[in-house]
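The next block holds one structure in the form of structure tokens; read it before the comments.
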Amino acid sequence: MPDGISDGIVYAGCTESGFDIFRYLHENVVPITEVLTLTPEQAQEHDVAGYYSFQSYAESNDIDVYTPETYSMGDERDLDHFRSRTTELLLVHGWQRLIPGEVLDTFTHGAFGLHGSAYGLPKGRGRSPMNWSLIQDLNRFLLSVMQLDEGADSGNVVETTKFDINPHDDIRTLYYKLVLAGQELFEHCIDDIEAGTLSTIPQEEEPTYYPKRTPEDGAINWADPTETIYDLIRAVTHPYPGAFTEYDSERIFIWKGQPFSDDFVFDEPPGTIVQVFTGTDDFVVATPDGSLLVTEWEASNWKPESGMELTSLPNESIDSPRRIDRPEHESSLSSN
């Protein structure tokens, strides 16, 4: 176990995957002395997907807990807190805001976080890169541990690893893969810092940025191809707000589905329920190029029936200019 940085390590996170990495590091690599996290009320206020409370574990393991005045930590109280402590290293994952430079500067060994994309940094900086990778039907993810600076995922890269995105993955299983990769990356980073052998590589290519996603981006347009609809469903399923459609103004969340068949030819318009299966209420929806089987759904006052035509909601396709990574999205990344 490293000795030189063991007395002042802060971990920032407030999500399920962030907690899994934090617990692994604390129990297997180096003691964490403080967690920077959010209260449940703050998480609800900021719509944090996959929020997980660190409080109970931290208290049971004598780890200090600090919750900031604001998520963006722009309050003077937050800066005063870190200036008043002997803190050597900050590790970040599952913290969906940029950390101010004044806070980063209080850590003598610096601050390090995880980010990646299917293309590898500096391509795909910004918001929700794993969700976007599923939406775009990409087949790999390059995760990096990098030095944090005031920019959006712009710090020097320490190390990068690759993991696959297979056709069965959804956003939750992709986060499972990120946890395994992130644990290893942070462990290597800590070992290198302790040994004095840490080296970094600047991000020199032209960066691109994924735009911020909102719950309304989960709207399903049944005119889209089957694979596009499937990719959207798996990209925004639990713990995210979910893909949704409507029938007679009733919102229906579709949490799980899969391409069903392109051999059956249906005369009904796309979005029409062509079969409901007894015992499960699983149902098949006609699409422009085949059909989609829905196996997990949620609605307040609705049950599927054959012949129902689900509403196609406005939702730009993945080829739209709003759905690619563009430099002008960088300005939205530091919002409170």
* To do: Within the stretch 96-118, identify whether any single residue is open to solvent by 50 Å² or more (accessible area, probe 1.4 Å) and assigned to a helix (DSSP H, G or I), and answer yes or no.
  => yes
* To do: Check D137 against each of (1) of a type in the set (D, E); (2) touching a His at 6+ places or on another chain (Cβ under 7 Å); (3) farther than 18 Å from H93 by Cα and name the one condition it does not meet.
  => (2)
* To do: Evaluate the stretch 34-55: report whether one residue or more is within 23 Å of L178 (Cβ to Cβ), in a strand (DSSP E or B) and open to solvent by 40 Å² or more (accessible area, probe 1.4 Å).
  => yes
* To do: Spot the failing condition for D262; the list is (1) part of a helix (DSSP H, G or I); (2) touching a Ser or Thr at 6+ places or on another chain (Cβ under 8 Å); (3) not basic (K, R), and only one is missed.
  => (1)
* Single residue of the stretch 199-220 satisfying the filter (at pLDDT below 95 and open to solvent by 40 Å² or more (accessible area, probe 1.4 Å)) that is nearest to G13 (Cα to Cα) -> K212
* Asked: Within the stretch 132-149, how many residues are in contact with a strand residue (DSSP E or B) (Cβ under 9 Å, 6 or more places away or on another chain) and either open to solvent by 10 Å² or more (accessible area, probe 1.4 Å) or closer than 24 Å to L36 by Cβ (or both)?
  -> 11
* Test: residue in the stretch 121-137 that is assigned to a helix (DSSP H, G or I) and of a type in the set (K, R) -> no
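Pick from G50, G94: which is farther than 14 Å from V10 by Cβ and not hydroxyl-bearing (S, T, Y)? Spell out how you get there, then give the answer.
Numbers: G94 fails: farther than 14 Å from V10 by Cβ.
None of the others qualify; the one that does is G50.
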* Asked: Taking only pairs six or more apart or across chains, which ones have beta-carbon atoms under 6 Å, a first residue in the stretch 60-73 that is open to solvent by less than 10 Å² (accessible area, probe 1.4 Å), and a second residue that is among the acidic types (D, E)?
  -> P68/D78
* **Answer residue from the stretch 150-174, given it is open to solvent by 50 Å² or more (accessible area, probe 1.4 Å) and either assigned to a strand (DSSP E or B) or touching a helix residue (DSSP H, G or I) at 6+ places or on another chain (Cβ under 6 Å) (or both) and is nearest to R97 (Cα to Cα) among those** => E150
* Subset of the stretch 297-311 (residues that are touching a residue at least 40 places away in the same chain (Cβ under 8 Å) and either touching a helix residue (DSSP H, G or I) at 6+ places or on another chain (Cβ under 6 Å) or open to solvent by 80 Å² or more (accessible area, probe 1.4 Å) (or both)) -> E298, S300, N301, E309
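The values are calculated or read from the model by the stated rules, or taken from the named source; none is laboratory data. Here the structure is a predicted model, which means the values were calculated and not measured. So basically every Cβ, Gly included, is an ideal-geometry build from the backbone, and we count neighbours across all protein chains shown. SASA here: full protein model, heavy atoms, side chains in, ligands and nucleic acids out. Shrake-Rupley method; radii C 1.70, N 1.55, O 1.52, S 1.80 Å.
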